[in-house]
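Asker: My questions all concern the structure below.
The values are calculated or read from the model by the stated rules, or taken from the named source; none is laboratory data. Predicted model, so just to flag it, every value in this text is computed and none were measured. Counting neighbours? That spans all protein chains shown, and the Cβs are built from the backbone with ideal geometry, glycine included. Only protein heavy atoms, including side chains, enter the accessible area calculation; ligands, DNA and RNA are left aside. Shrake-Rupley method; radii C 1.70, N 1.55, O 1.52, S 1.80 Å.
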Amino acid sequence: MAEGLRERKKRQTRQYISDVATGLFLERGFEAVTVAEVAEAADVSVNTVYNYFPAKEDLFLDRSRGVVDRLSRWVRGRPDGESAAAAVLRELREEVESVSPRVGLMAGYARFMRVVHDSPALRSRLWAIGQEVLQDLEQTLREETGAPGDDPMPALIAGQINWVHSTVMSAIGQRMLAGGTPSRVSREVLVLLDEMEDLLSDKVLNYAVRAAG
């Protein structure tokens, strides 16, 4: 269905406010900028900002909304014969190897991570988002395997898979903050991915293999 004029204007307004806020946060730091200052710079009311972004943290981490179901999407999209962990490892390798900005391998990511590093509120929100990722993946594994509610295995496997993903994302952030280039960090993280895969047990690597047909 084509996007209507009203929906397009709302999306554009939301994006504009987010872009203005991000620019201010990158320039001055997250804690130093108020929502009122964001509203003034974007030429909208404070109420308008809160209509689009329930919390100040959402202004800076707006794009993180697409991260919550990332692992679940990869697991659901796995081909026949591939396990849940193998699907995530494959997708992560492809993202890292292609030096994808979707995993932070881009110029300017160090500035973004510096703002996060200097803000307890943003670090707390990122932790909460990580918990949402974990819970979403557990539910997906439960649905994919038909595991009953009292089966602990989906939660245990989700924890292992999420560990790989969160460690990769943290490593990229740390290396970019330390002055690494996207291409160099990509090479280093590919080695790290191999090392992490070696630490995963066969039980994890062979869980939720998609049956043919």
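Asker: Output the residues belonging to the stretch 74-105 that are within 28 Å of residue 25 (Cβ to Cβ) and surrounded by 14 or more Cβ atoms within 10 Å (Cβ to Cβ).
Answerer: Across the stretch 74-105, the qualifying residues are 92, 95, 96, 99, 100, 103, 104, 105.
Asker: Which residue, of 120, 152, is within 21 Å of residue 60 (Cβ to Cβ), at pLDDT 95 or above and not small (Gly, Ala, Ser)?
Answerer: Exactly one of 120, 152 is within 21 Å of residue 60 (Cβ to Cβ), at pLDDT 95 or above and not small (Gly, Ala, Ser), namely 120.
Asker: Could I ask something else about it? Here is a list of conditions, (1) in a loop (DSSP other than H, G, I, E, B); (2) hydrophobic (A, V, I, L, M, F, W, C); (3) at pLDDT 95 or above, and residue 68 meets all of them except one; can you say which number that is?
Answerer: (3)
Asker: Residues in the stretch 130-147: is at least one at positive phi, open to solvent by 50 Å² or more (accessible area, probe 1.4 Å) and either under 17 Å from the mean Cα position of the chain (by Cα) or modelled with pLDDT of 95 or more (or both)?
Answerer: yes
Asker: Are there any pairs, at least 6 apart or on different chains, whose C-beta atoms fall under 7 Å, with the first in the stretch 28-41 and closer than 14 Å to residue 119 by Cα and the second at pLDDT 95 or above and of a type in the set (S, T, N, Q), and if so, which?
Answerer: Listed pairs, sorted by first residue: 30/119; 31/119.
Asker: Sticking with this one: Considering only residues that are among the acidic types (Asp, Glu) and assigned to a helix (DSSP H, G or I), look in the stretch 1-30 and name the one that is nearest to residue 58 (Cα to Cα).
Answerer: At the first step, the residues of the stretch 1-30 found to be among the acidic types (Asp, Glu) are 3, 7, 19, 27.
With assigned to a helix (DSSP H, G or I) added as a condition, the list becomes 7, 19, 27.
Numbers: 7: 20, 19: 12, 27: 17 Å.
Here the answer is 19.
Asker: Exactly one condition in (1) more than 23 Å from residue 166 (Cα to Cα); (2) open to solvent by less than 20 Å² (accessible area, probe 1.4 Å) is not met by residue 19; state its number.
Answerer: Result: residue 19 fails condition (2) only.
Asker: May I pose another question? Go through the stretch 42-67 and count every residue that is open to solvent by 50 Å² or more (accessible area, probe 1.4 Å) and of a type in the set (A, V, I, L, M, F, W, C).
Answerer: 1
Asker: Has the stretch 102-113 got any residue that is under 19 Å from residue 161 (Cα atoms) and part of a helix (DSSP H, G or I)?
Answerer: yes
Asker: If we scan the stretch 106-113, do we find a residue that is of a type in the set (Phe, Trp, Tyr), modelled with pLDDT under 95, open to solvent by 50 Å² or more (accessible area, probe 1.4 Å) and under 15 Å from the mean Cα position of the chain (by Cα)?
Answerer: In the first step, residues of the stretch 106-113 are kept if they are of a type in the set (Phe, Trp, Tyr); the result is 109, 112.
Now narrow it down to the ones that are modelled with pLDDT under 95: 109, 112.
Still in the list and also open to solvent by 50 Å² or more (accessible area, probe 1.4 Å): 112.
Next cut, under 15 Å from the mean Cα position of the chain (by Cα) only: 112.
The answer is yes, given that some residue of the stretch 106-113 is of a type in the set (Phe, Trp, Tyr), modelled with pLDDT under 95, open to solvent by 50 Å² or more (accessible area, probe 1.4 Å) and under 15 Å from the mean Cα position of the chain (by Cα).
Asker: For a quick check of your reading of the model, give me the residue pairs whose first member lies in the stretch 165-186 and is among the basic types (Lys, Arg), whose second is assigned to a helix (DSSP H, G or I) and buried (at least 20 other Cβ atoms within 10 Å of the Cβ), with beta-carbon atoms closer than 6 Å and at least 6 apart or on different chains.
Answerer: 175/185
Asker: Of 127, 163, which residue is at pLDDT 95 or above, part of a helix (DSSP H, G or I) and open to solvent by 50 Å² or more (accessible area, probe 1.4 Å)?
Answerer: 163
Asker: How many residues, within the stretch 148-158, are open to solvent by 70 Å² or more (accessible area, probe 1.4 Å) and in contact (Cβ under 8 Å) with a residue 40 or more places away in the chain?
Answerer: The number of residues fulfilling the criteria is 0.
Asker: Right, here's the next one. Note down all Cβ pairs under 9 Å where the first residue falls in the stretch 187-203 and is in contact (Cβ under 8 Å) with a residue 60 or more places away in the chain and within 16 Å of residue 97 (Cβ to Cβ), the second is surrounded by fewer than 16 Cβ atoms within 10 Å (Cβ to Cβ) and acidic (Asp, Glu), and they're at least six residues apart or on different chains.
Answerer: 190/97
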